[in-house]
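Just so you know, all these numbers are worked out from the coordinates, no wet-lab data involved. Only a predicted model underlies this, so the values are computations on that prediction, with no experimental measurement involved. We place every Cβ from the backbone using ideal geometry, glycine too, and count neighbours over all the protein chains shown.
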């Protein structure tokens with residue numbers, strides 16, 4: 001998920017305007033609007049202030065491998081002929097971007113491994129997709 005998407009979704013979920021977040025973070029409205037639209041080059045300090053204003057915590061990491069390459073969930077979604085349709089349906093019903101819904105599903109599937117004590121399988125993904133459709 002891109003930084004701008006994360007900022008916008010957090011702000012909207014909190015029922016906040018860009019102006020109210022800007023005041024709390026000590027940043028300008030255009031600066032935050034640009035970040036939400038994928039433009040700009042924020043400093044770590046600015047991101048920390050934004051996270052605090054949104055009631056979140058900033059996490060920065062540098063790793064050897066991307067999460068996607070280690071993700072069982074990403075592999076399951078990529079192999080599922082049904083997942084793209086369900087992701088599109090959920091994204092449309094919730095007014096979210098498909099990439100954001102997909103990232104959440106990957107995270108859920110990867111977390112499910114710890115609960116199951118094994119990597120999730122295609123059947124587990126199908127059950128999760130069914131649950132999402134039933135919730136709509």
For the residue pair residue 91 and residue 131, what label-to-label distance in nm results when each label sits 7 Å from Cα along the Cα-to-beta-carbon direction?
2.2
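To the nearest 500 deg cm²/dmol, what mean residue ellipticity at 222 nm is calculated for the chain from DSSP H runs of n ≥ 4 alone, each contributing -39,500 (n - 2.57), summed and divided by the residues?
Result for the chain: -20500 deg cm²/dmol, rounded to the nearest 500.
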Percent of C-alpha pairs per 5 Å bin, the stretch 1-59, short to long:
4, 22, 36, 31, 7, 0
FRET efficiency, residue 61 to residue 34 (Cβ-Cβ, R0 22 Å, nearest 0.05):
0.35
Classify the chain from the C-alpha gyration tensor, please: rounded if a/c falls under 1.5, else prolate or oblate depending on whether a/b exceeds b/c.
prolate
In degrees, nearest 10, range 0 to 90: what is the angle between the Cα axis of helix 122-135 and the longest Cα principal axis of the chain?
60
